[in-house]
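The values are calculated or read from the model by the stated rules, or taken from the named source; none is laboratory data. What you see is a predicted model, and the numbers here were worked out from it, not measured in a lab. Virtual Cβ from ideal backbone geometry, glycine too; neighbours counted across all protein chains shown. Note: areas computed on protein heavy atoms with side chains; ligands, DNA, RNA excluded. Shrake-Rupley method; radii C 1.70, N 1.55, O 1.52, S 1.80 Å.
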Amino acid sequence: MSNEKRVNLFDQWAKTYDQSVHSANEFPFDGYERLLDRIVDLSGHQSGMKVLDLGTGTGNLAERFVPMKASIWGLDFSNDMLVKAREKMPGAHFAQVDLFGAWPDEFEQKFDRIVSSYVFHEFELAEKIDLIQRLAKNNIVPGGYFILGDISFPTKASEQKARELIGNQWDEDEYYWVAEEDIRACEEKGFEVKYEQISSCGGIFIIKPG
């Protein structure tokens, strides 16, 4: 699917996105609320820290950082999704961009935590790692780290079993994480990685620059 078609799809989905994910209890959003809550837990709850949310969508993850008085920054390629996020968090900083393209100057800074939920499965593994490497070099403070929650399976065997059970709902144009393979690929690039399986199809990667 072309990037333009993908953007149009998410613009249309923005109207019903929150309802669809909050009420989900099966693939691909099984455990959605628990996964987002756990990302915040893993952030360390440091008051006032600067958080960058990649693919922020309607702001469901970013909004969870408001109570800790975090400085919230969010990027997304869907304008209609960002309209919803701005309504929830008028004091946050948002911009419409392709994550792999040029970012606005104000986003070219360093953050304490870089987080994401249900975004990286859009990218092939090599693209995932390239983006993480770029951000680790340019956009994260010493001691900072990534917390990435997404559609993920612990092993190749569990992924294959899920594919068989899910059937036609499985999207062949997406690149779901397989922890046993993707952790190794990240470690080969010098990252320290920990992984938590949250639900039948959701997991969290805690990735620290080496």
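Applying the Karplus parametrisation 6.51 cos²θ - 1.76 cosθ + 1.60 with θ = phi - 60° to the phi angles of the range 146-156, what ³J(HN,Hα) value in whole Hz is obtained for each residue in order, glycine and proline being reported as x?
My calculation for the range 146-156 gives 9, 10, 10, x, 6, 5, 7, 10, x, 9, 5 Hz in order.
Could you order peptides 112-122, 12-22 by the average number of other Cβ atoms within 10 Å of their residues, highest first?
My ranking of the peptides, most packed first, is 112-122, 12-22.
Across the range 167-179, in residue order, what do the Karplus-derived ³J(HN,Hα) couplings come to in whole Hz, using 6.51 cos²θ - 1.76 cosθ + 1.60 with θ = phi - 60° and x for Gly and Pro?
x, 5, 6, 5, 9, 6, 8, 10, 10, 5, 5, 10, 4
Computing the accessible area with a 1.4 Å probe over protein heavy atoms, can you report the carbon and sulfur percentage for the range 81-210?
Roughly 47 percent, rounded to a whole number.
Nearest 0.05, what FRET efficiency do Glu87 and Ala24 give at R0 = 25 Å with Cβ-Cβ as r?
0.70
Can you show me the helix-derived [θ] at 222 nm for the chain, built from DSSP H runs with n ≥ 4 at -39,500 (n - 2.57) apiece and divided by the number of residues, rounded to the nearest 500.
After summing the helix terms and dividing by residue count, I get -10500 deg cm²/dmol.
Evaluate E = 1/(1 + (r/R0)^6) for Glu172 and Val66, where r is the Cβ-Cβ distance and R0 equals 30 Å; express this FRET efficiency to the nearest 0.05.
Taking R0 as 30 Å, the efficiency between Glu172 and Val66 is 0.20.
Return the whole-Å distance between the Cα centroid of the range 34-60 and the Cα centroid of the range 93-158.
Taking the Cα centre of each part, the range 34-60 and the range 93-158 sit 13 Å apart.
Once label points are set 7 Å from the Cα along Cα→Cβ at both Lys194 and Glu180, what is their separation, rounded to one decimal in nm?
For the pair Lys194/Glu180, the computed spacing is 2.2 nm.
Starting with the highest mean, order 55-61, 75-81 by the number of other Cβ atoms within 10 Å, averaged over the residues of each peptide.
55-61, 75-81
Given Cα pairs under 8 Å that are at least 6 residues apart, what percent is the relative contact order of the range 5-88?
This gives 33 percent for the range 5-88.
I want to make sure I understand the PRE zone here: with the label point 7 angstrom from the Cα of Lys15 toward its beta carbon, which residues in the range 42-74 have backbone N atoms less than 18 Å away?
Only 58 fall inside the zone, counting backbone N under 18 Å.
When the chain is treated as a GNM, springs tying every alpha-carbon pair under 10 Å, which of Ile166, Ile72, Ile129 comes out with the largest mean-square fluctuation?
Most flexible of the set in this elastic network: Ile166.
Say R0 is 25 Å: what FRET efficiency, to the nearest 0.05, do Ile206 and Glu4 get from their beta-carbon distance?
After rounding to 0.05, the efficiency reads 0.15.
Whole number in Å², please: accessible area per residue of the chain, 1.4 Å probe, ligands, DNA and RNA not counted.
Heavy-atom accessible area per residue stands at 47 Å².
Under a crude label model (7 Å from the Cα following the beta-carbon direction), how far is Arg134 from Trp103 in nanometres?
1.0
Go through Lys5/Lys156; Lys69/Lys208; Lys15/Lys50; Lys15/Lys194; Lys5/Lys161; Lys15/Lys156 and tell me which ones have a Cα-Cα distance over 25 Å in this structure.
Lys5/Lys156; Lys15/Lys50; Lys15/Lys194; Lys5/Lys161; Lys15/Lys156
Normalise the Cα radius of gyration of the range 1-151 by 2.2 N^0.38 Å (N = residues in it) and let me know the number.
Relative to the 2.2 N^0.38 Å estimate, the range 1-151 comes out at 0.98.
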